[in-house]
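Asker: The structure is given below, and queries will be raised subsequently.
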Ligand code: AHM
Ligand code: MG
C-alpha cells in the first residue's frame, strides 16, 4: 500500500513542494471528517456574508477557507496564496519558493443536501522577479503549474493529483471519526491518502455529457446545435449528468470519459461562471495529464493567463474526440 508521501518520494518531489502537498491534503482530511458529520459537525447553512465575488458564503465555505489558509500560511515554502474566498493575494513567507491558489469548497450549493463537494488547488513556482505577494505570481498560464489537484468529498474521499507526470488518484483511509468535530489540530496521523490509480487514463469512448441545461436560452448558436445533435442521438446512446460540483463532474469524466461544458450564458450578468486560476486551470492540467483536452472557446485552457485573480471563462473539457467534435460546432467556419 503506497501513500501520498511514498509517491512524492518516488517522484522525487522536493522537500518544499512535498511539505505543501502534505499539509494541504492533511487540511482536507480534517475537512473530510467534519463534512462526514453533516449537521452534527456544525458546518451546514449560510455564513450570512458575501465573498468578494458577491456570492453568499456557506458556513463550510468559510470553515474550509480558514482551515486551508491557516495550514498553508504556516509553511515556509509558501510565498503567497489566493483563494476563491479572499479578495486579493494573501502574503505568506517572503522567501517561500511556491505560490498556491485554491477553491476551498467547490460545489457550495450541494453542502446542505449532502451532495458531492470538493477542494481544488494549484501550485506554481514563485517568480523571483516579482514581490512574493505580487498578483503577477498568479497571472500566468496554467502550463506553468507545478502541480494541480482536487479532493472529492463523496461517499469516499478521493485525491486526484498531477505533478507534471500522469494524473493519479488516492483514496482517504480514515481511521477516525469520533473526534472530527473538535478543533482541526493536532493532525490525526492515522488518516492517509492511499494510491489507488497510478495512472488515470481518460476512456476514449464517450457516452456522457455534463452541462447545466437550464441556461440553454443564453448559449451561443454552436452550443445549441451541438447539444441538439447529442440529444437527438448520433447512433450512440448519450446520458446527461450534472452534479452541481465541478469536482464531481470532472471526476466522473476522468473515470468514464465524456465531456464537461460550462459555456457562456449571455442571459447572465456575469456570462461565464467558472474561474480560471483555481478551477479551470487545475482541472485542465488533471484532464490533460489523463490524456484528455481542455479548452475555453477555441484556446487550450493551459495557454490562457488570467487578466485578474478571479477571472471567469467558459470551460470545455473531456475526451479528445468529443472535445474536438464540440470545437467544430463552435468555431467559425
Ligand atoms: P462554487 O465554487 O461557488 O461552488 O461554484 C462553482 C460550481 C462548479 O463546481 C459547478 O460546475 C458549477 O458551479 C455549478 O453551477 P450551476 O449553478 O450552474 O449548477
Ligand atoms: Mg468552485
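Asker: Residues in region 104-115 that are out of contact with any strand residue (DSSP E or B) (no Cβ under 8 Å at 6 or more places or on another chain), within 13 Å of ligand 1 (Cβ to nearest atom) and in a loop (DSSP other than H, G, I, E, B): how many?
Answerer: Residues in region 104-115 being out of contact with any strand residue (DSSP E or B) (no Cβ under 8 Å at 6 or more places or on another chain), within 13 Å of ligand 1 (Cβ to nearest atom) and in a loop (DSSP other than H, G, I, E, B): 1 in total.
Asker: Within region 64-122, restricting attention to residues that are within 20 Å of residue 276 (Cα to Cα) and free of Cβ contacts under 8 Å to residues at least 40 places away in the same chain, which residue is farthest from ligand 2 (Cβ to nearest atom)?
Answerer: Taking the candidates together, the pick is 99.
Asker: Give the residue, chosen from 245, 294, 284, that is within 12 Å of ligand 1 (Cβ to nearest atom) and crowded, with 21+ Cβ neighbours inside 10 Å.
Answerer: Answer to the selection: 245.
Asker: Another question about this same structure. Exactly one of these conditions fails for residue 269: (1) more than 18 Å from the chain's Cα centre (by Cα); (2) closer than 19 Å to residue 314 by Cα; (3) modelled with pLDDT of 95 or more. Give me its number.
Answerer: Status for residue 269: all satisfied but (3).
Asker: Here's something else I'd like to know. Look through region 290-300, keep the residues that are touching a residue at least 24 places away in the same chain (Cβ under 8 Å) and over 14 Å from the mean Cα position of the chain (by Cα), and return whichever of them is farthest from residue 52 (Cα to Cα).
Answerer: In this case the residue turns out to be 291.
Asker: Considering only residues that are surrounded by 22 or more Cβ atoms within 10 Å (Cβ to Cβ) and either within 16 Å of ligand 1 (Cβ to nearest atom) or under 22 Å from residue 47 (Cα atoms) (or both), which ones fall in region 90-101?
Answerer: Residue satisfying the conditions is 101 alone.
Asker: Same structure, new question: For residue 154, work out the one condition from (1) within 17 Å of the chain's Cα centre (by Cα); (2) within 14 Å of ligand 2 (Cβ to nearest atom); (3) modelled with pLDDT under 95 it doesn't fulfil.
Answerer: Residue 154 satisfies every listed condition except (2).
Asker: Let me ask something else. If we scan region 116-135, do we find a residue that is modelled with pLDDT under 95 and in a loop (DSSP other than H, G, I, E, B)?
Answerer: Looking for residues that are modelled with pLDDT under 95 and in a loop (DSSP other than H, G, I, E, B), one finds none in region 116-135, hence no.
Asker: Just checking, how many residues over region 271-298 are touching a strand residue (DSSP E or B) at 6+ places or on another chain (Cβ under 9 Å) and away from ligand 2 (no atom under 14 Å from the Cβ)?
Answerer: Within region 271-298, residues that are touching a strand residue (DSSP E or B) at 6+ places or on another chain (Cβ under 9 Å) and away from ligand 2 (no atom under 14 Å from the Cβ) number 15.
Asker: On to the next question. Quick one: would you say residue 55 is farther than 29 Å from residue 255 by Cα, in contact (Cβ under 8 Å) with a residue 40 or more places away in the chain and out of contact with any strand residue (DSSP E or B) (no Cβ under 8 Å at 6 or more places or on another chain)?
Answerer: Against the criterion (farther than 29 Å from residue 255 by Cα, in contact (Cβ under 8 Å) with a residue 40 or more places away in the chain and out of contact with any strand residue (DSSP E or B) (no Cβ under 8 Å at 6 or more places or on another chain)), residue 55 qualifies.
Asker: Any idea which residue in region 217-242 is farthest from residue 283 (Cα to Cα), counting only those that are surrounded by 10 or more Cβ atoms within 10 Å (Cβ to Cβ) and within 16 Å of ligand 1 (Cβ to nearest atom)?
Answerer: 218
The values are calculated or read from the model by the stated rules, or taken from the named source; none is laboratory data. Values in this document were obtained by computation on a predicted structure and should not be read as measured data. Quick reminder, even Gly has a Cβ in these numbers, built from the backbone with ideal geometry, and neighbours come from all protein chains shown.
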